[in-house]
Amino acid sequence: MKVAVLRFPGSNCDQDALWALRDDVGMRAEYVWHEDRSLAGFDAVFIPGGFSYGDYLRCGAMASHSPIMESVVKFARDGGPVIGACNGFQILCEAGLLPGALVLNEGQKFICKDVFLAAENRTSIWTRGVEKVLRIPIAHGEGRYVVDDEIMRRIEDNEQIAFRYVSPDGRQVSEHNANGSAGAIAGVLNESGNVLGLMPHPERATKQLLGYTDGLQILNGLKLVAIGSR
Amino acid sequence: MPKSGMANVRVYVTLKPSLLDSAGRTVAVALKKLGFDEVEQARIGKLIELQVDEPSDARVREMCDKLLANPVIEDYRFEVVR
(Lines give C-alpha, C1' and ligand atoms only; values in the text may rest on other atoms or scores of the structure.)
Protein backbone atom coordinates (compact mmCIF):
# COMPACT_ATOMS: atom_id res chain seq x y z
CA MET A 1 0.00 0.00 0.00
CA LYS A 2 1.51 3.29 -1.09
CA VAL A 3 -0.16 6.65 -0.51
CA ALA A 4 0.40 9.72 -2.68
CA VAL A 5 0.57 12.91 -0.63
CA LEU A 6 -0.11 15.73 -3.07
CA ARG A 7 1.86 18.96 -2.83
CA PHE A 8 0.66 22.24 -4.28
CA PRO A 9 2.38 25.59 -3.97
CA GLY A 10 1.11 26.67 -0.57
CA SER A 11 0.39 23.21 0.89
CA ASN A 12 1.56 23.21 4.50
CA CYS A 13 0.23 20.00 6.04
CA ASP A 14 2.02 17.77 3.55
CA GLN A 15 4.84 16.80 5.93
CA ASP A 16 2.41 16.13 8.78
CA ALA A 17 0.43 13.86 6.47
CA LEU A 18 3.47 12.01 5.11
CA TRP A 19 4.91 11.27 8.55
CA ALA A 20 1.56 10.40 10.12
CA LEU A 21 0.99 7.90 7.31
CA ARG A 22 4.51 6.45 7.53
CA ASP A 23 5.12 6.44 11.29
CA ASP A 24 1.70 6.02 12.79
CA VAL A 25 -0.50 4.34 10.18
CA GLY A 26 2.40 2.27 8.88
CA MET A 27 1.97 2.92 5.17
CA ARG A 28 4.42 3.76 2.47
CA ALA A 29 3.86 7.35 1.46
CA GLU A 30 5.50 9.62 -1.09
CA TYR A 31 5.00 13.19 -2.19
CA VAL A 32 3.52 13.86 -5.61
CA TRP A 33 4.03 17.32 -7.07
CA HIS A 34 0.98 19.10 -8.49
CA GLU A 35 2.55 19.35 -11.93
CA ASP A 36 2.98 15.58 -12.16
CA ARG A 37 0.31 13.82 -14.16
CA SER A 38 0.53 10.22 -13.03
CA LEU A 39 -0.54 8.30 -9.94
CA ALA A 40 0.93 5.05 -11.26
CA GLY A 41 2.09 2.84 -8.41
CA PHE A 42 -0.10 4.51 -5.79
CA ASP A 43 -3.02 2.87 -3.99
CA ALA A 44 -4.47 5.92 -2.27
CA VAL A 45 -4.31 9.72 -2.35
CA PHE A 46 -4.03 12.17 0.55
CA ILE A 47 -4.71 15.82 -0.30
CA PRO A 48 -3.26 17.84 2.56
CA GLY A 49 -4.22 21.17 4.06
CA GLY A 50 -2.67 24.54 3.51
CA PHE A 51 -3.35 27.52 1.30
CA SER A 52 -2.80 26.14 -2.18
CA TYR A 53 -2.13 28.96 -4.65
CA GLY A 54 -2.65 31.43 -1.81
CA ASP A 55 -6.37 30.58 -1.81
CA TYR A 56 -6.66 32.85 -4.86
CA LEU A 57 -10.16 33.25 -6.31
CA ARG A 58 -11.68 30.65 -3.95
CA CYS A 59 -10.05 28.15 -1.58
CA GLY A 60 -9.03 25.15 -3.65
CA ALA A 61 -10.20 26.63 -6.97
CA MET A 62 -6.80 26.93 -8.61
CA ALA A 63 -5.50 23.63 -7.22
CA SER A 64 -8.53 21.79 -8.54
CA HIS A 65 -7.27 22.57 -12.06
CA SER A 66 -3.67 21.45 -11.43
CA PRO A 67 -2.32 18.82 -13.83
CA ILE A 68 -2.31 16.06 -11.17
CA MET A 69 -6.00 16.57 -10.43
CA GLU A 70 -7.01 15.05 -13.75
CA SER A 71 -5.47 11.79 -12.55
CA VAL A 72 -7.01 12.19 -9.09
CA VAL A 73 -10.48 12.62 -10.60
CA LYS A 74 -10.01 9.49 -12.69
CA PHE A 75 -8.51 7.57 -9.74
CA ALA A 76 -11.48 8.56 -7.55
CA ARG A 77 -14.07 7.72 -10.21
CA ASP A 78 -12.44 4.28 -10.55
CA GLY A 79 -13.03 3.72 -6.83
CA GLY A 80 -9.55 4.61 -5.53
CA PRO A 81 -9.45 5.83 -1.92
CA VAL A 82 -8.96 9.60 -1.66
CA ILE A 83 -8.95 11.72 1.48
CA GLY A 84 -8.74 15.52 1.58
CA ALA A 85 -8.34 17.35 4.87
CA CYS A 86 -9.00 21.09 5.23
CA ASN A 87 -7.71 22.68 2.02
CA GLY A 88 -7.80 19.15 0.61
CA PHE A 89 -11.56 19.05 1.28
CA GLN A 90 -11.96 22.42 -0.44
CA ILE A 91 -10.00 21.14 -3.44
CA LEU A 92 -12.17 17.99 -3.69
CA CYS A 93 -15.34 20.11 -3.67
CA GLU A 94 -13.94 22.47 -6.28
CA ALA A 95 -12.94 19.49 -8.42
CA GLY A 96 -16.53 18.26 -8.33
CA LEU A 97 -15.62 15.02 -6.56
CA LEU A 98 -17.65 15.95 -3.49
CA PRO A 99 -20.98 17.77 -3.18
CA GLY A 100 -21.27 21.25 -1.68
CA ALA A 101 -18.73 23.99 -1.01
CA LEU A 102 -16.83 25.58 1.87
CA VAL A 103 -17.20 29.27 2.61
CA LEU A 104 -16.09 31.79 5.24
CA ASN A 105 -16.76 30.65 8.82
CA GLU A 106 -19.96 32.05 10.26
CA GLY A 107 -17.96 34.02 12.83
CA GLN A 108 -15.54 35.11 10.05
CA LYS A 109 -12.50 34.30 12.15
CA PHE A 110 -9.85 31.71 11.50
CA ILE A 111 -10.52 28.98 14.07
CA CYS A 112 -7.73 26.84 15.48
CA LYS A 113 -8.94 24.45 18.18
CA ASP A 114 -10.01 20.91 18.94
CA VAL A 115 -13.46 19.78 17.85
CA PHE A 116 -15.51 16.69 18.53
CA LEU A 117 -16.80 14.57 15.68
CA ALA A 118 -19.44 11.88 15.41
CA ALA A 119 -19.29 9.52 12.46
CA GLU A 120 -22.64 9.22 10.74
CA ASN A 121 -21.90 6.92 7.81
CA ARG A 122 -20.58 3.65 9.23
CA THR A 123 -19.88 1.70 6.09
CA SER A 124 -17.14 3.57 4.17
CA ILE A 125 -13.49 2.62 4.67
CA TRP A 126 -12.99 6.02 6.29
CA THR A 127 -15.74 5.74 8.91
CA ARG A 128 -16.06 2.00 9.52
CA GLY A 129 -13.32 1.98 12.15
CA VAL A 130 -14.62 4.93 14.16
CA GLU A 131 -15.62 3.63 17.56
CA LYS A 132 -16.39 6.79 19.53
CA VAL A 133 -16.67 10.55 19.44
CA LEU A 134 -13.36 11.77 18.00
CA ARG A 135 -11.33 14.71 19.25
CA ILE A 136 -9.40 16.21 16.34
CA PRO A 137 -8.06 19.73 15.70
CA ILE A 138 -9.36 22.17 13.10
CA ALA A 139 -7.48 25.17 11.71
CA HIS A 140 -9.38 27.06 9.04
CA GLY A 141 -11.00 30.32 8.03
CA GLU A 142 -13.24 28.91 5.29
CA GLY A 143 -14.78 25.73 6.60
CA ARG A 144 -18.49 26.44 6.72
CA TYR A 145 -20.02 23.67 4.66
CA VAL A 146 -22.89 24.81 2.45
CA VAL A 147 -25.10 22.83 0.13
CA ASP A 148 -28.58 23.40 -1.30
CA ASP A 149 -31.63 21.67 0.17
CA GLU A 150 -31.99 19.19 -2.64
CA ILE A 151 -28.40 17.96 -2.44
CA MET A 152 -28.59 17.93 1.36
CA ARG A 153 -31.53 15.53 1.12
CA ARG A 154 -29.68 13.42 -1.40
CA ILE A 155 -26.48 13.13 0.68
CA GLU A 156 -28.50 12.35 3.80
CA ASP A 157 -30.51 9.65 2.00
CA ASN A 158 -27.36 8.21 0.46
CA GLU A 159 -25.45 8.20 3.78
CA GLN A 160 -22.76 10.52 2.44
CA ILE A 161 -22.43 12.50 5.65
CA ALA A 162 -19.21 11.23 7.19
CA PHE A 163 -18.85 13.44 10.25
CA ARG A 164 -20.82 16.07 12.15
CA TYR A 165 -19.51 18.44 14.80
CA VAL A 166 -20.90 17.38 18.16
CA SER A 167 -20.42 18.00 21.88
CA PRO A 168 -17.80 15.91 23.72
CA ASP A 169 -20.57 13.48 24.68
CA GLY A 170 -21.80 13.20 21.11
CA ARG A 171 -24.85 15.47 21.04
CA GLN A 172 -25.48 17.72 18.07
CA VAL A 173 -25.74 21.19 19.60
CA SER A 174 -25.18 24.47 17.79
CA GLU A 175 -22.49 25.73 20.17
CA HIS A 176 -20.27 22.86 19.06
CA ASN A 177 -20.85 23.51 15.36
CA ALA A 178 -17.47 25.22 15.11
CA ASN A 179 -17.95 27.22 11.91
CA GLY A 180 -21.71 27.30 11.31
CA SER A 181 -21.75 24.46 8.77
CA ALA A 182 -25.09 23.36 7.34
CA GLY A 183 -26.25 20.40 9.41
CA ALA A 184 -23.04 20.78 11.47
CA ILE A 185 -21.35 18.80 8.71
CA ALA A 186 -17.59 18.38 9.19
CA GLY A 187 -16.95 15.81 6.48
CA VAL A 188 -18.70 14.28 3.48
CA LEU A 189 -18.22 11.26 1.24
CA ASN A 190 -18.81 10.83 -2.47
CA GLU A 191 -21.64 8.58 -3.58
CA SER A 192 -19.60 5.39 -3.47
CA GLY A 193 -17.85 6.27 -0.22
CA ASN A 194 -14.25 6.03 -1.44
CA VAL A 195 -13.64 9.80 -1.37
CA LEU A 196 -13.71 11.63 1.98
CA GLY A 197 -13.33 15.35 2.54
CA LEU A 198 -13.25 16.82 6.03
CA MET A 199 -12.22 20.11 7.60
CA PRO A 200 -10.59 18.60 10.73
CA HIS A 201 -7.00 17.36 10.51
CA PRO A 202 -6.76 13.63 11.28
CA GLU A 203 -3.05 13.72 10.40
CA ARG A 204 -2.48 16.04 13.39
CA ALA A 205 -4.01 13.54 15.78
CA THR A 206 -1.97 10.38 15.36
CA LYS A 207 0.55 10.55 18.20
CA GLN A 208 0.05 10.27 21.95
CA LEU A 209 3.05 12.57 22.23
CA LEU A 210 1.00 15.31 20.56
CA GLY A 211 -1.94 14.70 22.85
CA TYR A 212 -4.25 12.50 20.84
CA THR A 213 -4.53 9.60 18.45
CA ASP A 214 -8.17 9.78 17.31
CA GLY A 215 -7.11 10.65 13.77
CA LEU A 216 -5.91 7.08 13.41
CA GLN A 217 -9.49 5.82 13.58
CA ILE A 218 -10.01 7.55 10.23
CA LEU A 219 -6.61 7.02 8.60
CA ASN A 220 -6.44 3.35 9.58
CA GLY A 221 -9.25 2.90 7.06
CA LEU A 222 -6.44 2.73 4.51
CA LYS A 223 -5.59 -0.68 5.94
CA LEU A 224 -8.96 -1.92 4.71
CA VAL A 225 -7.86 -1.28 1.14
CA ALA A 226 -6.41 -4.44 -0.32
CA ILE A 227 -2.75 -4.03 -1.18
CA GLY A 228 -2.09 -4.06 -4.88
CA SER A 229 -5.79 -3.88 -5.61
CA ARG A 230 -5.17 -1.10 -8.05
CA MET B 1 0.01 48.14 -30.63
CA PRO B 2 -3.23 46.92 -29.00
CA LYS B 3 -5.24 44.50 -31.06
CA SER B 4 -8.33 46.08 -32.57
CA GLY B 5 -10.66 43.41 -31.19
CA MET B 6 -9.50 43.89 -27.58
CA ALA B 7 -12.27 44.53 -25.12
CA ASN B 8 -12.67 44.65 -21.38
CA VAL B 9 -14.94 42.05 -19.89
CA ARG B 10 -16.22 42.75 -16.40
CA VAL B 11 -17.32 39.62 -14.56
CA TYR B 12 -19.30 40.12 -11.37
CA VAL B 13 -19.36 37.13 -9.04
CA THR B 14 -21.79 37.23 -6.15
CA LEU B 15 -22.74 34.83 -3.38
CA LYS B 16 -26.13 33.22 -4.00
CA PRO B 17 -28.88 35.14 -2.19
CA SER B 18 -29.75 32.05 -0.15
CA LEU B 19 -26.29 32.01 1.43
CA LEU B 20 -25.36 33.90 4.55
CA ASP B 21 -22.62 36.40 3.69
CA SER B 22 -21.00 36.71 7.09
CA ALA B 23 -18.45 39.32 5.97
CA GLY B 24 -21.18 41.37 4.29
CA ARG B 25 -23.28 41.20 7.44
CA THR B 26 -20.39 42.65 9.45
CA VAL B 27 -19.96 45.47 6.95
CA ALA B 28 -23.67 46.33 7.24
CA VAL B 29 -23.39 46.40 11.04
CA ALA B 30 -20.29 48.63 10.79
CA LEU B 31 -22.08 51.05 8.46
CA LYS B 32 -24.98 51.28 10.90
CA LYS B 33 -22.54 51.97 13.72
CA LEU B 34 -21.11 54.82 11.64
CA GLY B 35 -24.55 56.37 11.52
CA PHE B 36 -25.76 55.03 8.18
CA ASP B 37 -29.03 53.78 9.62
CA GLU B 38 -30.58 53.43 6.18
CA VAL B 39 -28.37 50.43 5.33
CA GLU B 40 -30.43 47.27 5.43
CA GLN B 41 -27.95 44.80 4.05
CA ALA B 42 -24.48 44.52 2.52
CA ARG B 43 -23.30 41.66 0.37
CA ILE B 44 -19.74 41.34 -0.83
CA GLY B 45 -18.87 39.95 -4.24
CA LYS B 46 -15.99 40.03 -6.66
CA LEU B 47 -15.30 42.02 -9.77
CA ILE B 48 -12.95 40.32 -12.21
CA GLU B 49 -11.76 42.46 -15.13
CA LEU B 50 -10.53 40.54 -18.13
CA GLN B 51 -8.92 41.89 -21.25
CA VAL B 52 -10.07 39.63 -24.02
CA ASP B 53 -9.41 39.57 -27.72
CA GLU B 54 -12.74 39.32 -29.59
CA PRO B 55 -14.78 38.14 -26.58
CA SER B 56 -17.73 35.89 -27.26
CA ASP B 57 -20.49 35.50 -24.67
CA ALA B 58 -20.36 31.74 -24.94
CA ARG B 59 -16.61 31.64 -24.21
CA VAL B 60 -16.91 34.03 -21.26
CA ARG B 61 -19.74 31.91 -19.84
CA GLU B 62 -17.46 28.89 -20.17
CA MET B 63 -14.70 30.74 -18.26
CA CYS B 64 -17.18 31.55 -15.50
CA ASP B 65 -18.55 28.00 -15.30
CA LYS B 66 -15.12 26.37 -15.35
CA LEU B 67 -13.19 28.64 -13.02
CA LEU B 68 -14.33 32.15 -12.19
CA ALA B 69 -17.48 31.20 -10.27
CA ASN B 70 -18.48 28.15 -8.26
CA PRO B 71 -22.09 27.36 -9.24
CA VAL B 72 -22.72 25.73 -5.86
CA ILE B 73 -22.38 29.02 -4.01
CA GLU B 74 -22.12 31.82 -6.55
CA ASP B 75 -23.99 33.56 -9.35
CA TYR B 76 -22.27 35.58 -12.03
CA ARG B 77 -23.04 38.12 -14.70
CA PHE B 78 -20.75 39.95 -17.07
CA GLU B 79 -20.58 42.87 -19.42
CA VAL B 80 -18.35 43.56 -22.39
CA VAL B 81 -16.96 47.09 -22.54
CA ARG B 82 -15.50 48.00 -25.92
Next item on the list: Take B:Arg25, project a point 7 Å from its Cα along the Cβ direction, then tell me which residues of segment A:161-203 have their backbone nitrogen under 13 Å from it.
Entry: A:179-182
Checklist line | For segment B:19-33, 3J(HN,Hα) per residue [Karplus equation, 6.51 cos²θ - 1.76 cosθ + 1.60, θ = phi - 60°, Hz, x = Gly/Pro] | finding: 8, 5, 9, 5, 5, x, 4, 5, 5, 4, 4, 5, 5, 4, 4
Item checked: Estimated inter-spin distance, A:Lys132 and A:Thr213, nm [label 7 Å along Cα→Cβ] -> 1.2 nm
Next item on the list: Compute from the Cα atoms of segment A:69-135 the Rg and the Dmax, the latter being the longest Cα-Cα distance, and quote both in angstrom.
Entry: 14.2, 38
Notebook entry, point to check: Given a Förster radius of 25 Å and the C-beta distance between A:Arg154 and B:Arg61 as r, what FRET efficiency does 1/(1 + (r/R0)^6) yield to the nearest 0.05?
Noted result: 0.40
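Could you order the peptides A:127-134, A:48-55 from most to least packed, using the average number of other C-beta atoms within 10 Å per residue?
So the order, starting with the most tightly packed, is A:48-55, A:127-134.
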Next item on the list: Give, rounded to the nearest 20 debye, the magnitude of the charge dipole that segment A:1-56 has about its Cα centre when Lys and Arg contribute +1 at Cβ and Asp and Glu contribute -1 at Cβ.
Entry: 160 debye
Check: When the convex hull of the Cα atoms of segment B:6-81 is projected onto a plane and the area is averaged over all directions, what value comes out in nm²?
Finding: 6.0 nm²
Check: Which value at 222 nm does chain A reach when only helices count, each DSSP H run of 4 or more adding -39,500 (n - 2.57), with the total divided by all residues and rounded to the nearest 500 deg cm²/dmol?
Finding: -4500 deg cm²/dmol
Notebook entry, point to check: In straight Cα distance, which aspartates and glutamates are under 19 Å from A:Lys109, not counting same-chain residues fewer than 8 positions off?
Noted result: A:Asp55, A:Glu142, A:Glu175, B:Asp21
Next item on the list: Find the centroid of the Cα atoms in segment A:1-62 and in segment A:77-150, then give the distance between the two in whole Å.
Entry: 16 Å
Note to self: Rounded to whole Å, give me the distance from the Cα center of segment B:1-20 to that of segment A:203-223.
What the structure shows: 45 Å
Checklist line | Stokes-Einstein translational diffusion, chain A - Kirkwood Rh over all Cα pairs, 0.890 mPa s, 25 °C, in µm²/s | finding: 144 µm²/s
Next item on the list: Pull up the DSSP beta bridges for chain A and report the antiparallel fraction as a percent, rounded to 5.
Entry: 60 percent
Check: Heavy-atom accessible area per residue, segment B:1-73, 1.4 Å probe: how many Å²?
Finding: 68 Å²
Next item on the list: State the extension gain, in nm to one decimal, for the chain segment bounded by A:Arg28 and A:Leu224, taking 0.36 nm per residue of separation less the distance between their alpha-carbons.
Entry: 69.1 nm
Check: Which trypsin sites (Lys or Arg not before Pro) from segment A:10-49 combine a DSSP loop assignment with at most 16 other Cβ atoms within 10 Å?
Finding: A:Arg37
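Counting other Cβ atoms within 10 Å, which chymotrypsin sites (Phe, Trp or Tyr not before Pro) in segment B:32-82 have at most 13 and lie in a DSSP loop?
B:Phe36
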Item checked: Percentage relative contact order, chain B, counting C-alpha pairs under 8 Å, at least six apart -> 52 percent
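The values are calculated or read from the model by the stated rules, or taken from the named source; none is laboratory data. If you're wondering where the values come from, they're calculated on a predicted model, not measured in any experiment. Positions of Cβ are backbone-derived with ideal geometry, glycine not excepted, and every protein chain shown enters the neighbour counts. Just so you know, the surface numbers come from the protein's heavy atoms only, side chains and all, with ligands and any DNA or RNA stripped out. Shrake-Rupley method; radii C 1.70, N 1.55, O 1.52, S 1.80 Å.
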